[in-house]
Amino acid sequence: MRSLNFIFSRSIFVSFCAAFLSVQTFILTQVQVKLSIVALVFFLTLFFYNFYAILIKWQGDIGSKNPIVLPKYATSFFLILVSIIYVFDSFFQSPQLIRIVLIPGFTSFIYLGIMINKGKFFIIKKLGFLKTILLSFTWAYTTVILPILATQNGISDLAIQVFFMRFVFMLMLGIIFDFRDVKKDRNTNWSSVATLYNKSQLIGLMLMLLLLNSGLCYWNLKIVGEIQQFILMMSTVLAFLFFIISLKKRNYYFYYFLVDGLMLFSAIASIIATL
């Protein structure tokens, strides 16, 4: 159990999810998988989430006037260091990667700014729902556009279609996490997708996203075959079902294993379908 907690709490699991989604992107766009780019996506995700975790912990310690105990940050600092080493080595070997990473780097910086200052500024409180859209965009860009730009001369129409489907899928997962935090957000007057709508409206919104993604998959991905279409549609259906399940209080592992695990399930299913 401790090892599982470590994998989830240090964002190792979610980093694997991001890496496997990039593999799925290569499969869906019919581009040969490049493992060095898959690893880059893994370490970029590992860096971002551990950096975010340190900032939130640090902010919490300062706010509660607790002493800053550096050893409890040690693991996250170590994972950040390892990530930086790999990312900078990638930049050294392929300098063009720097400009490709600038966009998700910028959106991640904006996201961090919103989350760290969410209780301090009125405008951020009222526009907090944008953080879900911003995070979904960052995930879609990092797992779709980044791998393609890193290996191809440009973005194909198929890659753009995969990007939009990935964005909608990640938005659905983001709404699940928003609903998990809805009581806390309302108590702090923090705006999110889940605070803007009641349960019935959220179900309607998720159903619309389900239909939208299913339609995009059906019309845009005929070239990749019926099996891959089915996998993507089922992943979206499961995201909707998990949202319905989340309407009642669920535990830590539901969100960080099952909900996040939908990304891994979808990607591994796509990989198996190619064997």
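The values are calculated or read from the model by the stated rules, or taken from the named source; none is laboratory data. Here the structure is a predicted model, which means the values were calculated and not measured. Because the Cβ atoms are built from the backbone with ideal geometry, glycine has one as well, and the counts that use them run over all protein chains shown. Areas reflect the complete protein model, heavy atoms only, side chains present, ligands, DNA and RNA absent. Shrake-Rupley method; radii C 1.70, N 1.55, O 1.52, S 1.80 Å.
Per the 1.4 Å probe, what fraction of the accessible area of region 168-248, in percent, lies on carbon and sulfur atoms? After summing per-atom areas, the C and S share lands at 67 percent.
Close amide H contacts of ASN189 (hydrogens built in the peptide plane, cut-off under 5 Å, sequence separation of 5 or more or a different chain): none are found.
Largest first, the extents of the alpha carbon coordinates of region 129-275 on the three principal axes equal 48, 27, 26 Å.
Sorted on the mean count of surrounding Cβ atoms within 10 Å across their residues, most packed first, peptides 38-47, 184-193 read 38-47, 184-193.
With θ taken as phi - 60° and the Karplus curve 6.51 cos²θ - 1.76 cosθ + 1.60 applied, the whole-hertz 3J(HN,Hα) list for region 179-185 is 5, 4, 9, 4, 5, 5, 5 Hz, x standing for glycine and proline. The slack in the chain from THR151 to LYS249, taken as 0.36 nm per residue of separation less the alpha-carbon distance, amounts to 31.0 nm. Quick one: if the Förster radius is 22 Å, what FRET efficiency do LEU130 and LEU102 give, using the C-beta to C-beta distance and rounding to 0.05? Efficiency computed from Cβ-Cβ geometry: 0.65.
Along the Cα-to-Cβ line of LYS34, 7 Å from the Cα, sits a label point; which residues in region 74-96 have backbone N less than 16 Å from it? What the label zone holds, given the 16 Å backbone N cut-off, is 87-96. Between rounded, prolate and oblate, where does region 208-275 land on the alpha carbon gyration tensor, with a ≥ b ≥ c its root eigenvalues, rounded for a/c under 1.5, else prolate if a/b exceeds b/c? In terms of gyration-tensor shape, oblate. Charged side chains reduced to their Cβ positions (Lys and Arg at +1, Asp and Glu at -1) give region 139-275 a dipole of some 540 debye around its Cα centre.
Take region 95-210 with all the other protein chains still there, run a 1.4 Å probe, and you get 48 Å² of accessible area per residue.
Length, then width, then depth: along the principal axes, the Cα atoms of the chain run 57, 50, 39 Å.
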